[in-house]
Amino acid sequence: MEIRIDEGWKKWAPDLQIGSVVADVVVEESQTELNDELDGLIEVIESTLPVADIAKEAAIAAMRKTYRTVGKDPTKYRVSSEALLRRIGRGLGLYRVNNVVEINNYISMKSRCPVCAYDISKLDGQITFTVAPEGTVYEGIGRGNLNIEFLPVFSDAKGPFGSLTSDSARTCVGSETRKIVLNIVSVHSHENMQEWLMEVERLLVNYAQGKNIEKSIWKGQWNKI
């Protein structure tokens, strides 16, 4: 599955890279083993990452800078990985939704990058990664209508379906989902993306009956959009 990247990212965040995994899955409640892995990681974060230091993490600091560059205040519209870590740091734990969502959150906590999983059957046409124009609104998952103007977004022929702050209800992963695309978005220079993709594959195989797995890294493929 190709992801077209707006050429505007050459100036907004030239180190942008998107790690993408496409896989057939079975969506269900998380197994004990997956919950144990999540709980173990949560314990590590609670004991080693004070809330005051979360914004200093390299991946999060770079994304906050990018939000400001494209016109969004990252203290009012937090990138999803930061919001997740802050929730953990405050001792609030994680909502458990389904195995794919839990895998999504696990990778986000480990990588410190926003991670977005979508039901491929709910997408329409070419996927692009760009910045939402002024006045853009969509229905966020559990959040009603959400102002996503100037946020980095994934879009298809019907418009934006996923931001790095809150995904849309339109393409969310549920019990009916049979095939997903999971994207890890980084805007800081690092060499760990392949490692995270291998970790996604491991988790999908072990906990979501993942099959027909395809992994890609998109960077420097600028398109005029």
Ignoring solvent entirely, what values of log10 I(q)/I(0) come out of the Debye formula for region 117-160 at 0.34 Å⁻¹ when each Cα is a single scatterer? -1.22
So, taking all protein chains as they sit and a 1.4 Å probe, how much accessible area belongs to Glu214, in Å² rounded to tens? 100 Å²
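Which order do the peptides 4-17, 44-57, 150-163, 115-128 take when ranked by the mean count of other beta-carbon atoms within 10 Å per residue, highest first? Walk me through the intermediate numbers first.
Details: 4-17: 17.1, 44-57: 13.2, 150-163: 21.5, 115-128: 18.6.
My ranking of the peptides, most packed first, is 150-163, 115-128, 4-17, 44-57.
Computed over the Cα atoms of region 60-118, what is the ratio Rg over Rh, Rh following Kirkwood? Don't skip to the end; give the middle numbers.
Numbers: Rg = 12.1 Å, Rh = 12.1 Å.
Expressed as Rg/Rh, it is 1.00.
Please compute the alpha carbon radius of gyration of region 165-222, then divide it by the globular-protein estimate 2.2 N^0.38 Å. Two decimals is fine. Walk me through the intermediate numbers first.
Details: Rg = 13.3 Å, N = 58, 2.2 N^0.38 = 10.3 Å.
In units of the globular-protein estimate, region 165-222 measures up at 1.30.
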Compute the Kirkwood hydrodynamic radius of region 131-196, taking the inverse of the mean of 1/r over all pairs of distinct Cα atoms, and give it in Å to one decimal. 13.3 Å
Region 6-107, relative contact order in percent, only Cα pairs under 8 angstrom and at least six apart counted: 39 percent
Multiply the residue gap between Ile225 and Val205 by 0.36 nm, knock off their C-alpha separation, and tell me the result in nm, one decimal place. 3.7 nm
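Can you give the Kirkwood hydrodynamic radius of region 8-143 from its Cα pairs, in Å with one decimal?
For region 8-143, inverting the mean 1/r across all distinct Cα pairs yields 16.7 Å.
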From the backbone phi of region 165-175, what are the Karplus-calculated ³J(HN,Hα) couplings (6.51 cos²θ - 1.76 cosθ + 1.60, θ = phi - 60°) in whole Hz, Gly and Pro given as x? 10, 7, 7, 8, 5, 4, 10, 5, 8, x, 4
So which lysines can Lys110 reach, going by Cα to Cα under 29 Å and dropping same-chain residues fewer than 8 places off? Lys10, Lys11, Lys56, Lys65, Lys72, Lys76, Lys122, Lys179, Lys211, Lys215, Lys219
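Which value at 222 nm does the chain reach when only helices count, each DSSP H run of 4 or more adding -39,500 (n - 2.57), with the total divided by all residues and rounded to the nearest 500 deg cm²/dmol?
On the way: 6 runs with 72 residues, N = 225.
Dividing the helical sum by the residues of the chain leaves -10000 deg cm²/dmol.
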Simple SL model, points at 7 angstrom along Cα→Cβ for Thr32 and Ser121; separation in nm is 3.1 nm
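How many Å² of accessible area per residue for the chain, probe 1.4 Å?
On the way: 10100 Å² over 225 residues.
With all protein chains present, the chain gives 45 Å² per residue.
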Which peptide among 201-210, 87-96 comes first, and what is the full order, when sorted by highest mean count of other Cβ atoms within 10 Å? 201-210, 87-96
Can you send over the solvent-accessible area of Met198, 1.4 Å probe, protein chains only, in Å² to the nearest 10? 100 Å²
Find, to one decimal place in angstroms, the Kirkwood hydrodynamic radius of region 70-207, where the mean of 1/r is taken over every pair of different Cα atoms and then inverted. 15.6 Å
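Could you work out how much longer the chain between Lys11 and His190 gets when fully extended? Use 0.36 nm per residue separation minus the Cα distance between them, nm to one decimal. Don't jump to the answer; show the numbers that get you there.
Values: separation 179, 0.36 × 179 = 64.44 nm, distance 1.82 nm.
Answer, rounded to one decimal: 62.6 nm.
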Sequence-distant or interchain residues sharing an amide H contact under 5 Å with Ala132, placed H: which? Phe150, Leu151, Val153
Distant-in-sequence amide H partners of Leu146 (H built 1.01 Å from N, under 5 Å): Tyr138, Glu139, Gly140
Sketch the reach of a paramagnetic label on Ile213 as a point 7 Å from Cα along Cα-to-Cβ, and name the residues of region 164-198 whose backbone nitrogen lies under 12 Å away. 195-198
How large is ³J(HN,Hα), in whole Hz, for each residue of region 139-149 in order, when computed from phi with the Karplus curve 6.51 cos²θ - 1.76 cosθ + 1.60 and θ = phi - 60°, using x for Gly and Pro? 7, x, 5, x, 10, x, 5, 10, 6, 10, 4
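The values are calculated or read from the model by the stated rules, or taken from the named source; none is laboratory data. Just so you know, these numbers come straight off a predicted model, no measurement behind them. Note that we place each Cβ from the backbone using ideal geometry, even for glycine, and neighbour counts take in every protein chain shown. Remember, those area values only see protein heavy atoms, side chains included, never the ligands or the DNA or RNA. Shrake-Rupley method; radii C 1.70, N 1.55, O 1.52, S 1.80 Å.
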